[in-house]
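Chemist: Quick one: the structure is below, questions incoming.
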Amino acid sequence: MSESTSNVVYLAIAIIDFVIAGWKCLALLRDRTPTLSLITVNFVASGLVFAMAAPAGYRMLGELTGSPSFATLPVYIGILSCFSLLHLLTMLWDPRLRQRPAVLRRKVTLWSAAYLAAPAVMVVTFCSADLSGPTDPLEFNTNFAGDPLIQVFLGVFLTTLTCGTLSTYRQCRKLKLEGPRFQRALRSFGTAMLFVFGYVVCWVPAIVLAAFGNHALDTVGVLGSTFGSIGALITSYGLSGAAVGAWLRERRDIKALQPLWDLVVEGVDEDLAFSVDSARSHRLAWNVGFNLHRRVIEILDGMRALRPWLSPLPAAAVYAGHEQETSQGAGDVRRLTDQELQAAATAAALRDAAQRLHAARRAAALHGSGHPQAPAGPQVALPGEDTPASGERQRLLRVAQALTAPLVAAALEDVQERRSRTEVAERK
């Protein structure tokens, strides 16, 4: 990559890493776990590495320190820090190692010691070498490959990076995590390690030839930086892809629940809402998990508030209508699952209850009688009220989707006709 291209790519990756780091910090405030702490620190370190490795940042740091090549030291130590954290993270993820705390503790201790010893050697050799004169930010490795101390510096760096990335790749291949999303993210993580190893594969022959005065492979070494950048991007996805997917699904579910919220909260009692901004909370970009959890609670409260106005007729009409449609054997009619049918019955019961409440309010306002009076008789239970708390989100999503279903609309029309006939008969 050219310097201008490197500036754009490296600084863009740095910005991505800092944004993800900020997002992880917010999550860390709510859930302080060792793994989330390591992930957060890794993204901060990665952002700093790419900011310093960009030629613009590299030269700026060189001017501040008076040594044009100084940025190489923090960049390379930062790279090792990032991949050491990732390696330790995969060990903490390993369920087999977690079942053997003594083995896990020993492995973490040994690798941590290696990851601390390597930077110590690198600092000593780098500071002892003669690095006078300007250097190309992208070709430090080959420009100073003839210096024995820099050879040790680069040898320790590339050897440690090789051991860390390949060990992490092997660890990722062995790990079996629950859930396909996490397993896919883990495979991406392992793939990233191979790309980073490509950085080593490109640089080693270039450095060896440059040590003998031959710079024919310098451009191949620079190509290694491209592999490193690709590996960093894939690593970012591996560490945050599942979380981003969950965040997007939560945003989608908040929006999908909005019609149901409008029906049973805004249309029943706005005091049930957590705040005056509840109706617009699906637009918030941050903390969507809290917003979704709050939305579910508000809807359940609204459904309980509608309980006095519930009637068994709409749900019965839904079941009867569905049975009639499927028994006729129409080719375009699909038999609903039990959960879908239950959701349709719930949606019909809630729409009917809201209509009855609004009618009672209009009558109370017309007669000046104050609060509307709920119908007499025992209260009716909604279908699916025995759903476990862990299943409420999916249940309410099905109900929200069923609100406008033709089956629900037909059932409500049937109930309305039956009530109209009853009222006419009572007047006679």
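The values are calculated or read from the model by the stated rules, or taken from the named source; none is laboratory data. Bear in mind that the values here come from a model prediction, so they are computed numbers and not experimental data. Methodologically, a virtual Cβ is constructed for each residue, glycine included, from the backbone with ideal geometry; neighbour enumeration extends over all protein chains shown.
Chemist: Looking at (1) outside any helix (DSSP H, G or I); (2) at pLDDT 80 or above, find the lone condition where Gly329 falls short.
Modeler: Tallying (1) outside any helix (DSSP H, G or I); (2) at pLDDT 80 or above, Gly329 fails exactly one: (2).
Chemist: Which residue, of Gly155, Gly221, Gly164, is closer than 30 Å to Leu110 by Cα, within 35 Å of the chain's Cα centre (by Cα) and small (Gly, Ala, Ser)?
Modeler: On the way: Gly155 fails: within 35 Å of the chain's Cα centre (by Cα); Gly221 fails: closer than 30 Å to Leu110 by Cα.
Result of the check over Gly155, Gly221, Gly164: Gly164.
Chemist: Another question, then. Please determine, by comparing only the residues of the stretch 301-351 that are basic (Lys, Arg) and closer than 18 Å to Val380 by Cα, which one is surrounded by the most Cβ atoms within 10 Å (Cβ to Cβ).
Modeler: Step one: of the stretch 301-351, the residues basic (Lys, Arg) are 304, 307, 334-335, 351.
Now restrict to residues that are closer than 18 Å to Val380 by Cα: 304, 307, 351.
Details: Arg304: 14, Arg307: 14, Arg351: 21.
Among them, the one singled out is Arg351.
Chemist: Also, I was wondering about something else. Checking the conditions here, which among Leu186, Leu158, Leu154, Leu138 is in contact (Cβ under 8 Å) with a residue 24 or more places away in the chain and assigned to a loop (DSSP other than H, G, I, E, B)?
Modeler: Residue meeting the stated conditions: Leu138.
Chemist: Let me ask something else. Test each condition in (1) surrounded by 14 or more Cβ atoms within 10 Å (Cβ to Cβ); (2) under 30 Å from Pro68 (Cβ atoms) for Leu175 and report the one that comes out false.
Modeler: Going through the list (1) surrounded by 14 or more Cβ atoms within 10 Å (Cβ to Cβ); (2) under 30 Å from Pro68 (Cβ atoms), Leu175 breaks only (2).
The rows are residues; the columns are (1) closer than 23 Å to Ala185 by Cβ; (2) surrounded by 20 or more Cβ atoms within 10 Å (Cβ to Cβ); (3) not polar (S, T, N, Q).
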position: Phe227; (1), (2), (3): yes, no, yes
position: Ile230; (1), (2), (3): yes, no, yes
position: Leu233; (1), (2), (3): yes, no, yes
position: Ser236; (1), (2), (3): yes, yes, no
position: Gly245; (1), (2), (3): yes, no, yes
position: Arg252; (1), (2), (3): yes, no, yes
position: Gln258; (1), (2), (3): no, no, no
position: Asp262; (1), (2), (3): no, no, yes
position: Val265; (1), (2), (3): no, yes, yes
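Chemist: So which residues in the stretch 90-104 are in a helix (DSSP H, G or I), free of Cβ contacts under 8 Å to residues at least 60 places away in the same chain and surrounded by 12 or more Cβ atoms within 10 Å (Cβ to Cβ), if there are any at all?
Modeler: Matches in the stretch 90-104: Leu92, Leu97, Arg98, Val103, Leu104.
Chemist: Now for a different question. Check Thr142 against each of (1) buried (at least 20 other Cβ atoms within 10 Å of the Cβ); (2) more than 25 Å from Thr65 (Cβ to Cβ) and name the one condition it does not meet.
Modeler: Unmet for Thr142, out of (1) buried (at least 20 other Cβ atoms within 10 Å of the Cβ); (2) more than 25 Å from Thr65 (Cβ to Cβ): (2).
Chemist: Among the residues of the stretch 3-43, which ones are among the charged types (D, E, K, R), more than 16 Å from the chain's Cα centre (by Cα) and not in a helix (DSSP H, G or I)?
Modeler: Taking the stretch 3-43 first, the residues among the charged types (D, E, K, R) are 3, 17, 24, 30-32.
If we keep only those that are more than 16 Å from the chain's Cα centre (by Cα) too, we end up with 3, 32.
Listed by number, the list holds a single entry, Arg32.
Chemist: Of all residues in the stretch 194-219 being free of Cβ contacts under 8 Å to residues at least 40 places away in the same chain and under 22 Å from Ile39 (Cβ atoms), which is surrounded by the fewest Cβ atoms within 10 Å (Cβ to Cβ)?
Modeler: That would be Leu194.
Chemist: Give Leu131, Leu73 a once-over and let me know the one that is in a loop (DSSP other than H, G, I, E, B), in contact (Cβ under 8 Å) with a residue 12 or more places away in the chain and over 32 Å from the mean Cα position of the chain (by Cα). Even if it seems obvious, please write down each step before you answer.
Modeler: Working: Leu73 fails: in a loop (DSSP other than H, G, I, E, B).
Matching residue, one of Leu131, Leu73: Leu131.
Chemist: Something else now. How many of the residues in the stretch 346-404 are outside any loop (DSSP other than H, G, I, E, B) and either touching a residue at least 60 places away in the same chain (Cβ under 8 Å) or among the aromatic types (Phe, Trp, Tyr) (or both)?
Modeler: If we filter the stretch 346-404 for residues that are outside any loop (DSSP other than H, G, I, E, B), which is where we start, we get 346-367, 389-402.
Restricting the remaining residues to those that are either touching a residue at least 60 places away in the same chain (Cβ under 8 Å) or among the aromatic types (Phe, Trp, Tyr) (or both) gives 347-348, 350-352, 354, 357-358, 392-393, 396-397, 399-402.
So the answer is 16.
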